[in-house]
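Undergrad: The structure under discussion is supplied below as structure tokens; questions concerning it will follow.
The values are calculated or read from the model by the stated rules, or taken from the named source; none is laboratory data. If you're wondering where the values come from, they're calculated on a predicted model, not measured in any experiment. Neighbour counts are summed over all protein chains in view; Cβ atoms, including those assigned to glycine, are modelled from backbone coordinates with ideal geometry.
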Amino acid sequence: MARAPAPRRKSGGFSSFLFWGAVFVVLGAVFAGAFFYSAISRPGPSTQDTAFMVESGATGASIAADLQRENLITDPLLFRVANRIFAAGSTLQAGEYQIPAGASVREIVEMMASGDALQHAITFPEGITIAGVMRILEESDVLTGEMPEAPPEGSILPDTYHVQRGMTRAALLQQMREAHDEAVAEIWANRAPNLPLETPADLVNLASIVERETGIAAERPMVASVFINRLRRPMRLETDPTIIYGVCLRYPDRCVDGRLVNAQGQRRTIRQSEIALDTGYNTYRIDGLPPTPISNPGRAALEATANPAQSDAIFFVADGSGGHIFASTLAEHNANVARWRVIEAERLAQERAN
């Protein structure tokens, strides 16, 4: 028996509409995505490198508005969408950013998301006093916040620190103190055996004197050796920087930046009355180490003091060329002093002639 032919289905209909609708949605998304990535990747409007500050706690919206105000982007909404994608919507990191001329939205977002902020160098010279440290902190236009309380002398590690604009003064001071503690612990653990130093504090104390006695790095182990030999005998250290430090503590008007000055503010030598003055720090008048460090020694001075040169020298005097000459007997030392006085007299005569 023959069957009737099946009715033919109509083409198109609702399913066809859904199919083509999906196609158009996908194509629209592709084109929109392509347009978006093109927009965030094209060069920005700025024509020169620009320093831009992101304050702590700033929102993506406020950052976008500030960027547009400084002509670094043209579309704040585009920046906010890019932030959602490339920074996962997280808070962009505070700091000062050097945004290159023509930087794209994507480049700016990625820079701020990674915290690739400008670093500013702040240098604290080896042998600086705590008074000098606090002055640098106070005068910095990079640091923020109230001035912290001054720490003890000899408790920071002098170095060049790289910080972001907006770092607080207290935070940098704490970083310097932690760097000091870490360096001292490491150096003390690797010190030479049988030093006449009982504690890490003694090491810092003596290193602060070594630091102020010579600016020549190669001399530090020999200078340290002289003082170590004197402590072993025992002999008084008899070091001029301890006189100066004590005078500056007692008579601040006689000093500028830890240096003795006359009434006109010109640098001068130690007076005989000051050599005789017992300030508690004057090692011509006291036995052993002074009560505290007289400066903040750098790593090199700490290492030289922890591992001094092997010598029997107990004296040294300036050699007239910026360095020192060392001696193991008083007779040798007196001869060296006589030579230095001749050199000094010739130098003064030359200055007067000019």
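Undergrad: Of all residues in the stretch 108-132 being among the acidic types (Asp, Glu) and modelled with pLDDT under 90, which is farthest from ASP66 (Cα to Cα)?
TA: ASP116
Undergrad: Residue by residue through the stretch 138-181, note down the ones that are in a helix (DSSP H, G or I) and among the aliphatic types (A, V, I, L, M).
TA: Going residue by residue through the stretch 138-181, those that are in a helix (DSSP H, G or I) are 138-139, 169-181.
Once the filter is applied, which keeps residues that are in a helix (DSSP H, G or I) and among the aliphatic types (A, V, I, L, M), the stretch 138-181 yields ALA170, ALA171, LEU172, LEU173, MET176, ALA179.
Undergrad: List pairs: first residue in the stretch 68-87 and under 16 Å from MET111 (Cβ atoms), second residue surrounded by 14 or more Cβ atoms within 10 Å (Cβ to Cβ) and acidic (Asp, Glu) anywhere in the structure, Cβ distance under 8 angstrom, at least six positions apart or on different chains.
TA: Here the result reads PHE86/GLU110; ALA87/GLU110, each pair linking the stretch 68-87 to a residue that is surrounded by 14 or more Cβ atoms within 10 Å (Cβ to Cβ) and acidic (Asp, Glu).
Undergrad: What pairs come up if the first residue lies in the stretch 153-170 and is buried (at least 19 other Cβ atoms within 10 Å of the Cβ), the second is among the aromatic types (Phe, Trp, Tyr), and their beta carbons are under 6 Å apart, counting only those six or more places apart or on different chains?
TA: PRO158/PHE124
Undergrad: I need the full set of residues from the stretch 42-55 which are touching a strand residue (DSSP E or B) at 6+ places or on another chain (Cβ under 9 Å), in a loop (DSSP other than H, G, I, E, B) and surrounded by fewer than 13 Cβ atoms within 10 Å (Cβ to Cβ), in order please. If you could, list the steps in order and put the result at the bottom.
TA: Filtering the stretch 42-55 for residues touching a strand residue (DSSP E or B) at 6+ places or on another chain (Cβ under 9 Å) gives 44, 46, 49-54.
Filter again for in a loop (DSSP other than H, G, I, E, B), leaving 44, 46, 49.
Listed by number, the list holds a single entry, ASP49.
Undergrad: Look through the stretch 215-262, keep the residues that are of a type in the set (Lys, Arg) and part of a helix (DSSP H, G or I), and return whichever of them is surrounded by the most Cβ atoms within 10 Å (Cβ to Cβ).
TA: In the first step, residues of the stretch 215-262 are kept if they are of a type in the set (Lys, Arg); the result is 220, 230, 232-233, 236, 250, 254, 259.
Then drop every residue that is not part of a helix (DSSP H, G or I), which leaves 220, 230, 232, 250, 254.
Values: ARG220: 25, ARG230: 20, ARG232: 12, ARG250: 14, ARG254: 17.
Only one residue tops the list, namely ARG220.
Undergrad: Hey, another quick one. Go through (1) out of contact with any helix residue (DSSP H, G or I) (no Cβ under 6 Å at 6 or more places or on another chain); (2) over 25 Å from ARG233 (Cβ atoms) for GLY320 and report which single condition fails.
TA: So the condition that GLY320 fails would be (1).
Undergrad: Further question on the same structure: On the given criteria, is GLY280 surrounded by 13 or more Cβ atoms within 10 Å (Cβ to Cβ), of a type outside the set (Ser, Thr, Tyr) and touching a Leu at 6+ places or on another chain (Cβ under 8 Å)?
TA: Judged against the criteria, GLY280 is not a match.
Undergrad: Still on this structure: Output yes when any residue across the stretch 290-304 is in the same structural domain as GLU219 (by TED's automatic domain parsing) and either without any contact (Cβ under 8 Å) to a residue 60 or more places away in the chain or more than 35 Å from the chain's Cα centre (by Cα) (or both), and no when none is.
TA: Taking every residue of the stretch 290-304 in turn, at least one turns out to be in the same structural domain as GLU219 (by TED's automatic domain parsing) and either without any contact (Cβ under 8 Å) to a residue 60 or more places away in the chain or more than 35 Å from the chain's Cα centre (by Cα) (or both).
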